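Every read-out reported here was derived from the displayed coordinates using simple, explicitly stated rules and does not represent laboratory data. What you see is a predicted model; the values in this text were computed from it and never measured. Cβ: placed from backbone, ideal geometry, glycine included. Neighbour counts: every protein chain shown.
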Amino acid sequence: DPAAWLYVAARRKALDVVRREGARADKEAGATALAAQLERELPKPSVVRDDLLRLIFTCCHPALDLDARVALALRTLCGLPTTEVARVLLVPEATMAKRLTRAKKKIAVAQIPFRIPDAADLPGRVSGVCAVIHLVYTAWHAAGAGADPVRADLCEEALRLGRLVAELLPDEPSALGLLALLLLTDARRAGRLDERGELVLLADQDRTRWDRDAIAEGVALLDRSLEASGGVADPYQLQAAIAACHATAPSAEATDWAEIHRLYGLLGDVYPNPVVALNAAVARAEVDGPAAGLAALDGVDEAARAHLWHAARAEMLHRLERHDEARAALDAARRTAPTDADRRLLERRAAARG
């Protein structure tokens with residue numbers, strides 16, 4: 001640690017200087033006092049050994065609102081552009097730009113100290129850190145137009161950071177739940193693309209390409225997480241449980257949609273947002289039929305993920321044999337698709353429907 005080395009060197013230098021001036025008792029006392037002061041000021045090695053993770057913990061200061069902590073870390077530390085930060089946080093770009101400006105101004109005005117937190121401070125910052133790591137992983141779902149549909153670098157970095165947090169706080173339910181969610185989601189990564197590198201819908205994926213070891217580890221971590229929380233699930237645990245339902249189903253037809261719908265209901269209670277509501281409507285369609293799903297979807301704000309909203313609506317209308325409306329909804333999905341890969345997937349669906 002360079003800082004620690006400098007302090008040690010300064011301590012020794014101080015002793016040498018004072019001792020050279022003479023052997024008088026007051027000089028020795030001064031040297032001893034100076035050495036003791038430097039010893040107290042010697043920085044303790046951080047329990048967070050990874051540079052990026054240490055900075056994320058530092059950035060997630062509890063004096064800032066959680067949204068501001070997360071946005072600031074994603075923008076300044078993880079290097080995501082404001083447009084992408086806004087997309088993963090489900091807010092307009094202008095709103096995100098203002099949020100970042102306010103956060104920086106608050107740091108300056110309130111003179112918030114950005115120091116590496118002690119071990120005792122880590123639990124108070126873990127919610128922001130977990131949110132940053134989760135959204136780094138989520139960013140590859142919301143990559144900009146023309147981008148690689150699967151950002152392997154972001155996936156692997158998020159998994160690495162998630163493992164470090166779980167190792168650092170092995171009894172923290174949210175840290176364990178987050179890692180379980182990342183593993184259970186990432187286990188399906190190889191199946192998300194076909195041999196041409198095009199996106200494949202979950203129902204059409206080759207499940208033999210899924211990582212069974214990662215699935216098993218994710219399920220075990222989810223169990224540990226729920227045990228640590230006394231059975232009271234947080235958003236990461238609920239999302240991990242949903243991912244486990246998909247990952248452990250032997251086929252798309254064998255998916256336990258009733259359980260998934262139940263879990264989305266719980267998730268909506270603790271983490272209400274339009275994407276959760278959209279997914280709950282899709283699950284409702286699988287359980288109670290497309291008419292029920294369509295009714296649920298009509299109550300969801302389409303702005304957050306417009307292309308997914310229109311695509312889900314197109315599928316439900318198709319099942320109801322309202323084909324003209326289904327084609328119009330699919331066209332709307334293609335127009336609002338955020339990436340070329342999403343657009344091509346929707347075009348293939350439209351071509352298959354005729």
- Message: What is the sum of charges, Lys and Arg at +1 and Asp and Glu at -1, for the other residues whose Cβ falls under 11 Å from the Cβ of residue 59?
- Response: +4
- Mind checking the full-extension length gain between residue 340 and residue 295? Use 0.36 nm per residue of separation minus the Cα-Cα distance, one decimal, nm. 13.2 nm
- Task: Step through the residues of the range 339-353 one at a time and calculate ³J(HN,Hα) from phi using the Karplus curve (6.51 cos²θ - 1.76 cosθ + 1.60, θ = phi - 60°), rounding each to whole Hz and writing x for Gly and Pro.
- Result: 10, 4, 5, 5, 5, 5, 4, 5, 5, 5, 5, 5, 5, 5, 7
- Taking the Cα centre of each part, how many Å lie between the range 326-342 and the range 82-96? 20
- Expressed in nm to one decimal, what extension gain is obtained for the pair residue 67 and residue 200 from 0.36 nm per residue of sequence separation less their Cα-Cα distance? 44.7 nm
- Roughly how many nanometres apart are two label points built 7 Å out from the Cα toward the Cβ at residue 93 and residue 160? 2.9
